[in-house]
1. Can you tell me how many residues within segment 102-114 are in a loop (DSSP other than H, G, I, E, B) and exposed (fewer than 11 other Cβ atoms within 10 Å of the Cβ)?
2. Is there any pair linking a residue in segment 68-91 that is more than 17 Å from Phe128 (Cα to Cα) to one that is assigned to a loop (DSSP other than H, G, I, E, B) and of a type in the set (Lys, Arg), with Cβ under 7 Å and at least six apart or on different chains, and which?
3. So Tyr144 ticks every box in (1) without any contact (Cβ under 8 Å) to a residue 60 or more places away in the chain; (2) assigned to a helix (DSSP H, G or I); (3) of a type outside the set (Gly, Ala, Ser); (4) closer than 15 Å to Val65 by Cβ but one. Which box is left unticked?
4. Is it the case that Gly121 is among the small types (Gly, Ala, Ser) and over 21 Å from Glu151 (Cα atoms)?
5. Scan Leu123, Leu82, Leu145, Leu108 and give me the residue that is at pLDDT 95 or above and of a type in the set (A, V, I, L, M, F, W, C).
6. I'm trying to understand the selection: among the residues of segment 67-84, which are farther than 15 Å from Tyr144 by Cβ, surrounded by 13 or more Cβ atoms within 10 Å (Cβ to Cβ) and out of contact with any Asp or Glu (no Cβ under 7 Å at 6 or more places or on another chain)?
7. So for segment 89-101 (the condition being at negative phi, over 17 Å from the mean Cα position of the chain (by Cα), at pLDDT 50 or above and surrounded by fewer than 18 Cβ atoms within 10 Å (Cβ to Cβ)), does at least one residue qualify?
8. Within segment 68-101, which residues are aliphatic (A, V, I, L, M) and not in a helix (DSSP H, G or I)?
Amino acid sequence: MVIDSALKTVGGLSLAWLVIVGLPAGQLTFPFEKDVWAASPPPLASTEGAGDAERGRAVFNGKGVCHYCHGIDGNKDQRPQLTADTTSLIAQLNPPPADLRDPKALSLTSDKQRVRAIREGHLGTGMFPDTTMTDQELTDTLAYLALLRREGSPKR
């Protein structure tokens with residue numbers, strides 16, 4: 001898929017982001033496939049408040065393409081099948097994508113900061129802005145991120 005299609009699908013992906021990561025726009029491809037989830041884990045309980053963690057999980061692992069860099073269900077060692085170019089690009093990110101299951105390793109400490117990073121991109125990282133999420137999808141994703149932080153990184 002060429003950059004024009006990727007821009008329509010990802011929405012928040014901008015040419016400025018491509019310049020930041022140093023990839024010529026014509027060489028970027030994304031294999032957008034639906035249902036790229038790993039084995040189906042048990043349903044997650046919704047967090048209290050306005051967000052629904054289960055719906056946020058679907059956005060994280062789907063429309064939001066968060067799982068490309070942060071891993072399926074936030075497991076950095078479980079990424080979806082991506083093209084070699086995309087995998088190489090992610091591997092070159094400096095700093096690397098944050099481990100969303102390790103609260104001690106996260107630099108964003110409030111939902112206000114997380115909203116800004118998701119909507120506008122995260123300065124100093126390879127995280128690009130996402131303007132395609134609805135406000136409810138963003139709220140649901142924040143609920144899911146809170147659940148990931150509470151679960152912590154699995155010890156393997």
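The values are calculated or read from the model by the stated rules, or taken from the named source; none is laboratory data. The structure displayed is predicted, hence computed values, not measured ones. Positions of Cβ are backbone-derived with ideal geometry, glycine not excepted, and every protein chain shown enters the neighbour counts.
1. 2
2. As it stands, the answer is Ile72/Arg79; Gly74/Arg101, since those pairs meet every condition given.
3. Against the list (1) without any contact (Cβ under 8 Å) to a residue 60 or more places away in the chain; (2) assigned to a helix (DSSP H, G or I); (3) of a type outside the set (Gly, Ala, Ser); (4) closer than 15 Å to Val65 by Cβ, Tyr144 comes up short only on (1).
4. Taking the combined requirement at face value, the residue satisfies it.
5. So the residue among Leu123, Leu82, Leu145, Leu108 that is at pLDDT 95 or above and of a type in the set (A, V, I, L, M, F, W, C) is Leu145.
6. Answer for segment 67-84, where residues must be farther than 15 Å from Tyr144 by Cβ, surrounded by 13 or more Cβ atoms within 10 Å (Cβ to Cβ) and out of contact with any Asp or Glu (no Cβ under 7 Å at 6 or more places or on another chain): Tyr68, Cys69, Gln78, Arg79, Pro80, Leu82, Thr83.
7. no
8. Leu82, Leu93, Ala98, Leu100
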